[in-house]
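Each remark here refers to the structure printed beneath this line.
The values are calculated or read from the model by the stated rules, or taken from the named source; none is laboratory data. Remember, it's a predicted structure, so these values are computed and weren't measured experimentally. Every residue, glycine among them, receives a Cβ derived from its backbone with ideal geometry; neighbour counts consider all protein chains shown. What goes into the accessible areas is simple: the full protein's heavy atoms, side chains included, and nothing from ligands, DNA or RNA. Shrake-Rupley method; radii C 1.70, N 1.55, O 1.52, S 1.80 Å.
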Amino acid sequence: MEETTLFLLQLLLAHILTDFVLQPTKLVKQKREKKAGSWFLYFHSFLAGFLTYLFLQQWHLWYIPIVISVSHFFIDLWKLQHRKDTLKLFLIDQLWHLLIIILVWIYLIDGFSEIIPFIADVFSSPRILAIFIGYLLVIFPAGFLIGKATKRWHNEIQPNGESHSLEAAGRYIGIFERILVLTFILTQNFSAIGFLIAAKSILRFSDKTDASARKQTEYVLIGTLMSFAITIIIGLLVRYFLF
């Protein structure tokens, strides 16, 4: 067990050093400008394999660093074809790298014969499915329901469709707060929910003498209370199902 964990940590360490520590900003810009013509792209990909080989110390498995280097090269080259380096591209890029790392790790621990039964066990476990469904409910349907329920007030505080807040910021704040509340309920940290409500109330404090600010505050309070109420109900139902 210790050796299998060590392999994964070594692979992750090599990736983190390659992709985050040993990538100077100046050379990253050069790579984005010249793409496949950039010498740093090739060196960067070689470095990913070299560090993997160095950390694993499995000298007979010479093909592992080659797989890492080649996959790293093509994933980065795919990313460089896009004009803007957005958060979405960054996440997809890292997910591909992590997928390759996990596949290599499974190969190293000879775990392919065990992975399919493990996946089957996960999807046949009522407890795991209940938790998974709970998180899906608070992330997607809950947000849709709150959006529909508060739409008329949203139009009232923004009659011309103009917004003075970050684009989609409220939606993401709601998603993260519901994830936190559900996690607190499932881990029996109910007092943390009160701190979360208090923190959000402070951050949303505004001048009540201004009519538009007062409407904005009321709108936020309605959305927040609905968000917390729905999540608490779902969390309690999941806990009832589990325990």
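A compact table of results
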item	result
Mean accessible surface per residue for the chain, computed with a 1.4 Å probe while every protein chain stays in place, in Å²	67 Å²
Heavy-atom accessible surface of the chain: percent carbon and sulfur, 1.4 Å	71 percent
Within the stretch 19-78: Cβ-based charge dipole about Cα centre, in debye rounded to nearest 20 (Lys, Arg +1; Asp, Glu -1)	280 debye
Volume per residue of the C-alpha convex hull in the chain, rounded to whole Å³	186 Å³
Distance (nanometres) between label positions extended 7 Å along Cα→Cβ at L13 and F90	2.6 nm
Check: the stretch 1-107 dipole with +1 on Lys, Arg Cβ and -1 on Asp, Glu Cβ, in debye	720 debye
Prolate/oblate/rounded call for the stretch 28-149, Cα gyration tensor, a/c under 1.5 rounded	oblate
Span-rule helices in the chain, defined as complete DSSP H runs reaching 27 Å or more along the axis (Cα) with Kyte mean at least 0.0	87-108, 211-242
Entries of K79/K200; K26/K88; K84/K148; K84/K215 with Cα pairs more than 30 Å apart	K79/K200; K84/K148; K84/K215
Helical contribution to [θ] at 222 nm, DSSP H n ≥ 4, -39,500 (n - 2.57), averaged over the chain, rounded to 500	-25500 deg cm²/dmol
Net lengthening on full extension, V122/Y63 (0.36 nm per residue, minus Cα-Cα)	18.1 nm
